[in-house]
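Heads up, the thing below is written out as C-alpha cells.
The values are calculated or read from the model by the stated rules, or taken from the named source; none is laboratory data. These figures come from a predicted structure and were not determined experimentally. All Cβ positions, glycine included, derive from the backbone under ideal geometry; neighbour counts span all protein chains shown. Side chains included, ligands, DNA and RNA excluded: accessible areas come from the protein's heavy atoms. Shrake-Rupley method; radii C 1.70, N 1.55, O 1.52, S 1.80 Å.
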Amino acid sequence: MGGRLALVRATHLLDYIAVLRDAGAPVDRDLARSRLPPRIEETPDLYVSVPIVLEWVARTGHDFHPMELGLLGAQKASLASLRPAHQTAIMAAQTGLKRLEAVIAIARFEDSALDVSIRQEGDDMRVACAMADFGQHRFLCLAEWLNVQGVISVIRSVLGSAWCPSEICFVSPMCVPPAVQAAFPNTRIMVGQPNTSVVVSRAELARSTCNPLTSESGVPAALASLDVEDGQSAWEFIGLMRMMIQPYLNDGRIDISIAAEIAGISARTLQRRLKMSGSTYSQILQEARFALARTRLEDPGMKVTDVAMMVGYDSPQHFTRAFRRFTGVTPSQYRDQRIAEASETDQAVA
C-alpha cells in the first residue's frame, strides 16, 4: 500500500453483506470479530477502510470463488447506493458521456482510492477505473466488480437494462468462472490487465438520455425523494428549467434575471434552488441549448450552421466544440448516427 488513505462509503459494503446474509454466512459473528464497526448496517454513510472491507468480505464469503462473489455483489449494487446529490448529478446529465463525466467528478467522494477516466480507442471509448496502490491485492476483484457495475449501471440508465459492454477488463489475475461468463455471454472478459475497464462505443455514449419527465422507465426511486422545494425533486426542477428556457434561445442568451421572472421567483431564489439541485444557471443554460440543438439536428433539412445560430452560438466552430463536450462526437457525426439508427429501425419494421 502507498500513501493514499483508502476509504469507501459503508453503503457499498452493504451490497456484499446482503449477498452473504442470503447465502447464510455468519455475518454478525464475523462483523463482531472484525475491525469493521459491528453495527455498520445502521450507518451506511460512514467511511470504512477498503483493505479491511476486502479482507472481511473474502473471509466471510470463503465458500464462493472471489470472482463469482464479486459478480453477486455487483448484481446487488445500483445507482441508488450513491449519495442523493450524486445521483442527481448523474441522472440530470443529458448524454451517456456527460453521465460518465459526472461519475468522474464524484468518484473520490464514494471511494477515496478510485480514479475514473475515459479515453478514446477508435470508434470505442474505454472507461477505466483505477484503484490507487491496490494492484497486487489478492481480493482486488471484489472492488473491481463494484466499480465495473457502477459504470455499467450509468450506461444502462441511457441505453436500457439489456445493454452489455463489448469488453470488461480486470487487473485481478483470477480466472473467470462459468457463472461470470454466463452473466455476460457476449462480452469479452479479460483478467490480468493493466486497468479495470469497460468498453462502450462512442455512438452509444453520444445517445441522449430520456427526458426524466416523460421517460417510461423513470428515474431511480431514491431520486423521487430528493425534494428541493414545494414538493419538487431535484431532477424535476432541473428538467423543467431547461424546458422553460428553450423557447427563448432563438432570441439570444436569456439571463438569469429574465429566467427567474418567467419562473415567478427571484434570481437569488433561483440560484439557491439550482445550487440545492447540484447545478448552476450557466450549466442549465448550456444544457438547454444542447437539448434544442439535438432536436434541430434530427431534422435533415436544417444545416448545422443554421442550428448553431438558432441555439445562440456565434460561430459553427464554437457550437461544434460545445456539442462535442456533451456527446463526444461532432454535430455532423451525431446527425449521421441518428439517420443510420432510423434507417435500421425502418428496415427492422419492414
ask   = Among the residues of segment 149-178, which ones are hydroxyl-bearing (Ser, Thr, Tyr), surrounded by 15 or more Cβ atoms within 10 Å (Cβ to Cβ) and over 18 Å from residue 16 (Cα atoms)?
value = 157, 172
note = The residue that is least open to solvent (accessible area, probe 1.4 Å), considering only those in segment 258-312 that are of a type in the set (A, V, I, L, M) and outside any helix (DSSP H, G or I), is 311
key: Residue within segment 77-84 that is surrounded by 21 or more Cβ atoms within 10 Å (Cβ to Cβ) and either of a type in the set (Phe, Trp, Tyr) or farther than 26 Å from residue 288 by Cβ (or both) present   = yes
query = Name the helices (runs of 4 or more DSSP H) wholly within segment 53-141 that hold at least 3 residues that are charged (D, E, K, R)?
reply = 96-110
note = Note on residue 146: of the conditions (1) open to solvent by 30 Å² or more (accessible area, probe 1.4 Å); (2) touching a helix residue (DSSP H, G or I) at 6+ places or on another chain (Cβ under 8 Å); (3) not in a helix (DSSP H, G or I), unmet is (3)
message = Can you go through 58, 18, 32 and tell me which one is touching a residue at least 40 places away in the same chain (Cβ under 8 Å), out of contact with any strand residue (DSSP E or B) (no Cβ under 7 Å at 6 or more places or on another chain), of a type in the set (A, V, I, L, M) and surrounded by fewer than 18 Cβ atoms within 10 Å (Cβ to Cβ)?
response = 18
message = So the check is Cβ under 9 Å with 6+ separation or different chains; which pairs have a first residue in segment 98-110 that's more than 12 Å from residue 205 (Cβ to Cβ) and a second one that's of a type in the set (D, E, K, R) and modelled with pLDDT under 90?
response = 106/83; 109/83; 110/83
